[in-house]
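The next block holds one structure in the form of structure tokens; read it before the comments.
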Amino acid sequence: TAACFEVLQGSPLVFDYVPGHQGHFGNEVADITAKLASRGYTVGQLVWKETGGSHPLDWWSAGAPRVEWCGVAARALIGDTAMPPLGSASGEVRDDLGMTPQQMLAPFCPQQSATTPEGGAGDGALAFSIATYNVLSLSGRAFEDRDPAGLAFSAGRPALLAASLDKADIQVAAIQEARTEAGFLRTSGFLRFSSGSEVGCFGVELWFKEGFPLLRSGDAGHHAATFCREAFSTAHSDSTEADKLHEWWERTITLLKHAATRAPLVLGGDFNAAVGSQCCSRIGDCWPEEQDVAGAFLAELVITCQCWLPSTWGHLHSGQSWTYVQKRNNALQLRLAGGCLGTRKPARIDAHALVDRNNRPKLQAIVDKAPRAPWNASADAHAAQLVGYLQGALAEAFPKPKQRKRRDYLTDDTWALYAQVAALRHRCARLRAYTQYHLLAAAFRAWSTRGAEAFENALASPWALDASVQGQRHRDVQANTPGSFQALNRLLSLKQKKPFAPEVLPEVLDADGRVCETPAEATQRWRTYFGDMESGVQKDADCVYQVVAARQGLAWPLPEDVTEIPGPAELCKAMAHTQLNKASGPDGIPGEAFKAMPAALSSLVLPLVLKLGLSGEEAAGLKGALLTWLYKFKGARNLCTSYRAIMLLPTLTKVIHRSFRPRLYKHVVTHAPPLLLGGRKGASAVFGSHLTRAFAQWCSEQKQPACILYADVASAYYNSVRDLTAQRLDVDGRPVDSLAIANLPADDNVADTLASGSAFRSKGASPWLESLAAEMHRGSWFALRGDHIPVVTHRGSRPGSSLADIMYSAGVGCIIAKRDSLRTADPNAGRVPCIPWDGRRDVSPAGAPTQWPSLSDVIWADDLAACFLLSDSARAAHQVGLEASFLDEAFGCHGYTLTYGASKTAAMVLLGGRGSKAAKRALFSHAGAVTVLREHHPAAPLPLVAQYKCASAWAAFRQGALLRAMVLPRLLFGADQHITGATMCALLHLPDPATVLRVEDAMAWLHRRLSATIPLGDPACEWHAWAACHRFLSHFCPGAGDASYSERCTGIVLVPPRRPVDVS
């Protein structure tokens, strides 16, 4: 009802706090009613059911979703043109509000072409100050005390250097001997490009003042956003050996000669060369020196690259010969070629100001003034109008703050306040360090004395009470609450943090392995590489709009019930669930705007939701995305394959997709395999790891040969065939082939699968639901960061969207069914296991089985683990290869490709029983791989692994990951970071986790071999009896019964391997 009234009045309801028991009539009635209801009395009832018609409706069932639609209908009746008219929601002629395709896409293209010079060309001049500096001496005495670490590891020195350059009005600097890792950095307003250090080369850097216009147009005096067609280079020659000196100079001359043919060259370096005795048109006689071998090479470089040395000319040089300042001579003139001189970036919005409650009135005023497009306006123009207005209004009202004020601009009072805050911050840091030292000392004392009293006293102190929160998280895990997997992750402090490293340099190799020589070639390479993943085609704005507008020739079925379309309340919920501190997409609107005032903004977004649900119109701009890429930290940095694509969708698109997600989620999960963990609410990947590990243990105990086949799909969310998931229908009711419409070649591997229909249709989805899923993925496009050319994609499950996992999961069931059909047709295939289960979903000791369910495939996001039994150990290689072929063929029939590797698609073979030793010898003696025959691709080697990344989650408990992930970071924070786990175990005379595992496995094996002939029990429970036996046997084996050795062995069992760990 609240949502109904909010829609009816067009603004959020205002709630006032009414104190209880103050005589307010409504409050007193509610209080009395609640007390009577708690005693079992019925206090009236609300009856509102239709009695007429063929299908009477219950307005108040299932949360009364129809009530809020009364407000939507009422808005249309009172003349709100933004709402759909009653009785004719679709089929109207759309109006583009006078916008062109470029204008409708402009708000969603953050990088747009800037203006070019008239006539296509013009004169320009480089205008900047450049310095070259060897920073070896910048670290001072640091080089006398330890190995040279360079500028990169000298605290505060890069910032000091940047401040000095800025004070001297230097915009470009060539730095030598920096020793910085290869990559890109920002330091105090300077952009730093570092080459990295190699053997005999200590690394160079190029610094550019951020935002400084290096190039000036000679005609009108305008500044270009980027400098065009000039190459900056820095070099350092410090070799004294003749052979290495010649080799270095020859390679340098060859490299710079090639660069000089493409662009004018600006070179700054420390060459350790003497010139001046032999003058020419490019080298003068100012402060001459006898030309040496390096000077001869430098002269050759200058002549070859058509450069000149300003410091050798008296009318340009001032100061001493070892330090000079070039006079401003405006000697560098360039010819500006026609074309794009740069890109225009939109204004940025301060996301933190949007969530400030003090700014709510200002944000509400922006919403009230927003334009409201009529219902007959196309979704393309409607979204462009709304997003364009919000971009401008929010950027003007909440601009991104500029760089923090420096000390010189602060008043005395403000600076004093900063000093007080700094003192408090330093004091807190000292207190935190003292706390960690005391906790570390208590832990060492407890471990050395094998008494927990000292550590318990430390934990009971007030400063350690924060650790008690972990106890509640542990209880949440054991209770298997809906959020237990999140509690487990917090309990283990699972945070994937990677070490800091500079950003990657822009160098990239093309498809033939050659370096892309120009920024345009590099951008084209990235565009092609990521576009090929999704069958992308480069288009202009007009073509993008035509692809999206092709929906006009397609049929759009209406939903069976209006409640299938998200209403105002669900839209507000989708906005309220927007995550904070997330990068905004191409629309540039932070998610904080929707989270701050969802009720107010829902009135602006609801018409776009209705146009998608009732008419099948998703705006062309909302189908776009901004693609950026991240380094995988493996592979060469100049290869595109070493990077992972990150797709950033418009925030408005995420909101709309999230509002429709419950309908699609319900259908997919209802028909999904039982162990589909990816995307399922409350499901945890850790549970799948426990399951596969429990299966391996059960097979080992039963001596049953089995296999766990792990499959990894290459770029699953980018390579999915959309028509296999959902298809649009034409006006005659026939499925539409999206690849044929785009004039793209069909995939022969999926032709037969496509003939049997889409996954949504085969699982009984309604025509509206299938059309909705297909439309949300049809006509999508992306643009690279810093690029303005869109790429229209025809494959993929819309990566970056809240629907990506659902759309991929919708087709997994069909893939498994295809694999099962191939398995059934071959009598040599493996068998699906039926495992004992006690009905518990935790890591406690197993109880008596109450049921024997079939173990289906464990499916993570885009990974899969197939568990099956082998008929005989001797036939393991054949059956494992056969099962892998079935799985590869099933994925191939749906357009996917498996990647093989030890951490990709691999097999864990578990052999036991008669003939297992000979089978292991035969299986693992040939490179530890099984050949997989594939129909449409060459044979692939399937690695045989002893452990897998997904199966190692439970092993982390036993291998000390809990100690490293939770205990050690708390103990070592603020302490000596050089204390490792191995060092700590050695100092405390405790076994490391690897030794614990080896001894545990060895003793378990020994007990199995001798349990029938000796009275000793399980070593994990009765170790003292085994230790006494060991001391007795020491009389016959001198040295084996040493007291310290026995004590160390006794200490091994202090970490029980199979008991639940309580870290509260």
Across region 605-617, in residue order, what do the Karplus-derived ³J(HN,Hα) couplings come to in whole Hz, using 6.51 cos²θ - 1.76 cosθ + 1.60 with θ = phi - 60° and x for Gly and Pro?
8, 4, x, 5, 5, 5, 5, 6, x, 9, 10, x, 10
Ranked highest first by the average count of other Cβ atoms within 10 Å around their residues, in what order do 165-172, 534-541, 928-935 fall?
534-541, 928-935, 165-172
What residues have an amide H closer than 5 Å to that of D96, excluding those fewer than 5 places away on the same chain, when H is modeled at 1.01 Å from N in the peptide plane?
S378
At 0.36 nm per residue, minus the direct Cα-Cα distance, what do A740 and A365 gain on full extension? Give it in nm, one decimal, please.
130.2 nm
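Any idea what the relative contact order of region 703-846 is, in percent, if you count C-alpha pairs under 8 Å spaced at least 6 apart? Spell out each step's value before the answer.
Values: 118 pairs, mean separation 39.4, N = 144.
Relative contact order of region 703-846: 27 percent.
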Using alpha-carbon positions, what is the distance between the centroids of region 670-711 and region 892-945, in Å?
19 Å
In whole angstrom, note down how far apart the Cα centers of region 522-578 and region 794-870 are.
31 Å
Theoretical FRET efficiency, 1/(1+(r/R0)^6), r = Cβ-Cβ of E453 and S756, R0 56 Å, to 0.05
0.20
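State the extension gain, in nm to one decimal, for the chain segment bounded by I78 and Y389, taking 0.36 nm per residue of separation less the distance between their alpha-carbons. Please report the intermediate quantities before stating the final value.
Details: separation 311, 0.36 × 311 = 111.96 nm, distance 2.58 nm.
Contour length minus the Cα-Cα distance gives 109.4 nm.
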Which of the peptides 384-394, 770-780 is most tightly packed, and how do the rest follow, judged by the mean count of other Cβ atoms within 10 Å per residue?
770-780, 384-394
Extend 7 Å from the Cα of Q320 along its Cα-to-C-beta direction; within region 257-298, residues with backbone N under 16 Å of that point are 287-288
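Throughout, read-outs are computed from the coordinates displayed, never taken from laboratory work. Quick caveat, the model's predicted, so the values are computed rather than measured. All Cβ positions, even for glycine, are placed from backbone atoms using ideal geometry, and neighbour counts span all protein chains on display.
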